[in-house]
Structure formats: C-alpha cells, structure tokens
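Structure first, commentary second.
The values are calculated or read from the model by the stated rules, or taken from the named source; none is laboratory data. Fair warning: this is a prediction, and the values are worked out from it, not measured in the lab. All Cβ positions, even for glycine, are placed from backbone atoms using ideal geometry, and neighbour counts span all protein chains on display.
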Amino acid sequence: LENVRRGQFEGIREDIATNPSRKPDFGDPRVHPTAGATVVGARKFLIAYNIFLSTPEVDIAKKVAKAVRFSSGGLRYVKGAGFLVRGLAQVSMNLTDFEQTPIHRVFEFVKREAARYGVAPVSSEIVGLIPKKALESAAEWFLQVENFDSSLILENRLTAVVGGKMAVGGLRSGIEPFVEQLAAPIATPGGGSAAAASGAMAAALATMVVSMSRGKKAYLQYERELSDAIARLSQLREELKGAIDADAESYNAVMKAYKQAKNSADADGIITAALRQATAVPLSVAERAREVAEIAERLKPITNSNMKSDLTTGIALARAAIEGAMANVEINLESLKDEPFVAEVRKRAEALRP
C-alpha cells in the first residue's frame, strides 16, 4: 500500500498518466480531481502494537524504534517509530506478519533494546483488533507451556465442538461413523475414500509435529522451513479430506454412467468420462500423499526428536494412501479405452513409485 500511495495525491496525479508501473488495474490512468483514487487490496493481518517506556524522553523511543524496524536492520515484518504519548515515550509499531515475527518476540526485542538506555516497558497497547492466534503464541512463549496446543484452551474446544470440528464423547466418537460406513455392505465409501482419509491423517500428524516445534528456541533457525511446511500441509490436508467424498461420488457416477449407457447412442463416451474422473480422483490422492510423505521426511532433522514416532506414523499412513489410491487407479485403467489418457496416467503413476 505504501508503494501505491507514494508521492501522495499530487504525485499520483502526475505519475499515473506517464508511469506504466502506476497504471491502475481498472479504469483510466487518471484520478478524480477532488475524490482521488480508491485502492483495494489484500494482505496478512496487520497488528498495530505500541509499547510505552518508563521515560518521557522521546529520543529513546525513536532509537529503540529504529533498532526494531526492518528498514533499519531490525526484525522482519516490523515497522516502527517513536512518539511522546500521554507523557511517556512510545515505540509505535505495525506488525505485518505476526506468524513470521510474533508479537512476543517484538516485545522482548524492545525490552532488551530499551534496557541499553536504562529504561523498561511499563505497558503496551493494541490498537484495533488482533488475531487470537497471536495472543495464544505469546501466552505459550511467556508461560513456557510444554506441548502447548490451542485445543487446550476451553473456549477453543467448545467452539470446535459446537462447530462440528470435534466430537463430543472422545476421539472414538469422531472416527466411528466413518469406520462403520466403511464396514457397511455397500460399495461406498470404499478403499479410495479410506486412502484419502489415510493421507489426510498423515498430513495432520505432520502438521502437529511442525506446529509443536515452530517457535521453540531450539528450532528458530528453521522458522521459515517450518512455516512453509505448515502452510503446504494444511492445504494438502484439506484437499485430501475433500477427496474422501469425491472418491465415493466418482464411483457412484461410474455406476450411473453404465446404467445411462444402456439407452444412449454415446455409451462409450458416457462411460469413458465417468471412468476418467474416477481415475483422476485417486491419482490426485496418491500424488498429494506422496508430497505429504516427502515433507514429513524433510521434517525429521528439523523438528522435535521426541515426536519422531508421530512422523514415522504419518509417513506410513501416507504410503498406505499411495498404495491404496494407486490400486483404485489401476482397476479403472483396465476398463478405459482412452489410450492417450491411460498413457498419461501411467506416466504420472510411474513417478510415484519409490
């Protein structure tokens, strides 16, 4: 946003007509003579965070702000300035990515830097809203809670139960309906859905291990790798969960296609389209499970060694997902007459072999 606003209204008015990099995404390259222009964008949540120091000397706040802000060589994703507010020196900051540079780390940095000038924080304030996750991370850091997880917070647990994300009655009650559906004497859900569920559980276990290692002092040097792993594993977990239903739906679509084909002039086309989709779903499950396994392997040396068994279990689940999904791919390929599609699938399948 600061790049868009650079030059203020007068500068934008002149620059927008001649500088290609300032050309708006929508509308003509000019601003309204009095209303100006509207900027619409998206970014990570910004936390406006201020720390008051035990001194009225604003120069100290400015020196501390200079040390903490990234533009002067300080912490990444931190902007800062010093002011005199309510008779006290204030280090005023914007935290543009609290997951990469958490609020507790900023507070500790300011505290240590202020000590160089013989002062200390007396209070801090949050202007506007703050994500709950930011405060949970701060609580975990300052309280040094072992094996902290946000589900330990009562309100989070209640929200999960009410929202259907956690079952009342223990873990068994959460998984039991799906297990019993698998056991029922009907074709779906079947092995394909079970493979997708196995892959989703693998991603979940790996995410747990990363989440319980990130932010710990012993693994701060791997902060970037761990954050990237959490982001990707979360995406894979959601996609694999979606494939649980998608696999069952694709099987049912094949059965429906065979029935429709009996009264259609394009019988082969109807069946082929359904079989292609029924093949694509488990193939995508296998590919995603393979990625989960690869991420989990890379996590072993950079996460808590006490959780090695969780990663091992996750990798085993991912491999089971690959094997189960590929079995479904193969059985569909046997019925497909679309040779180019079959060849492409077999090529992708070959890349999944260990």
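Assorted remarks:
Results for (1) at pLDDT 80 or above; (2) assigned to a loop (DSSP other than H, G, I, E, B), shown as yes or no for each residue.
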residue	(1), (2)
N3	no, no
D25	no, yes
T34	no, yes
T38	no, yes
G41	no, yes
A48	yes, no
P56	yes, yes
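- K256 at pLDDT 90 or above, surrounded by fewer than 21 Cβ atoms within 10 Å (Cβ to Cβ), farther than 17 Å from S193 by Cβ and of a type outside the set (F, W, Y): no
- Number of residues in region 94-125 that are within 25 Å of the chain's Cα centre (by Cα) and not in a helix (DSSP H, G or I): the value is 9.
- For K216: the one exception among (1) surrounded by fewer than 19 Cβ atoms within 10 Å (Cβ to Cβ); (2) within 25 Å of T312 (Cα to Cα); (3) touching a helix residue (DSSP H, G or I) at 6+ places or on another chain (Cβ under 6 Å): (3)
- Verdict on A243 being within 19 Å of the chain's Cα centre (by Cα) and assigned to a helix (DSSP H, G or I): yes
- Residue count for region 298-352 satisfying the condition of being of a type in the set (D, E, K, R), loosely packed, with under 15 Cβ neighbours inside 10 Å and over 28 Å from the mean Cα position of the chain (by Cα): 8.
- Look at (1) surrounded by 14 or more Cβ atoms within 10 Å (Cβ to Cβ); (2) free of Cβ contacts under 8 Å to residues at least 24 places away in the same chain and you find that R116 fails only one, number (1).
- Single residue of A278, A274 found to be touching a helix residue (DSSP H, G or I) at 6+ places or on another chain (Cβ under 7 Å) and either in contact (Cβ under 8 Å) with a residue 40 or more places away in the chain or closer than 30 Å to V145 by Cα (or both): A278
- Residue identified as modelled with pLDDT of 95 or more and closer than 29 Å to I230 by Cα among A316, A325, A280: A316
- The listed residue being in contact with a Phe, Trp or Tyr (Cβ under 9 Å, 6 or more places away or on another chain) and either under 20 Å from L236 (Cα atoms) or not assigned by TED's automatic domain parsing to the domain that holds L233 (or both), out of A351, A278, A316: A278
- Among the residues of region 25-56, the ones that are surrounded by 15 or more Cβ atoms within 10 Å (Cβ to Cβ) and without any contact (Cβ under 8 Å) to a residue 40 or more places away in the chain come to 2 in all.
- Lone qualifier among E140, E223 - being out of contact with any Pro (no Cβ under 7 Å at 6 or more places or on another chain), not in a loop (DSSP other than H, G, I, E, B) and not assigned by TED's automatic domain parsing to the domain that holds D310: E140
- Count - residues of region 251-265 that are touching a residue at least 12 places away in the same chain (Cβ under 8 Å) and among the basic types (K, R): 1
- Taking region 310-345 as the range and being of a type outside the set (S, T, N, Q), in contact with a Leu (Cβ under 8 Å, 6 or more places away or on another chain) and under 15 Å from A204 (Cα atoms) as the test, the residues that pass are D310, L311, G314, L317, A321.
- Among the candidates E125, E108, the residue that is out of contact with any Asp or Glu (no Cβ under 6 Å at 6 or more places or on another chain), modelled with pLDDT of 95 or more, within 30 Å of M208 (Cα to Cα) and surrounded by fewer than 17 Cβ atoms within 10 Å (Cβ to Cβ) is uniquely E108.
- Among the residues listed as D268, D247, the single one being surrounded by 23 or more Cβ atoms within 10 Å (Cβ to Cβ), acidic (D, E) and farther than 30 Å from S137 by Cβ: D247
- Flag if A273 is farther than 29 Å from A197 by Cβ and surrounded by 15 or more Cβ atoms within 10 Å (Cβ to Cβ): no
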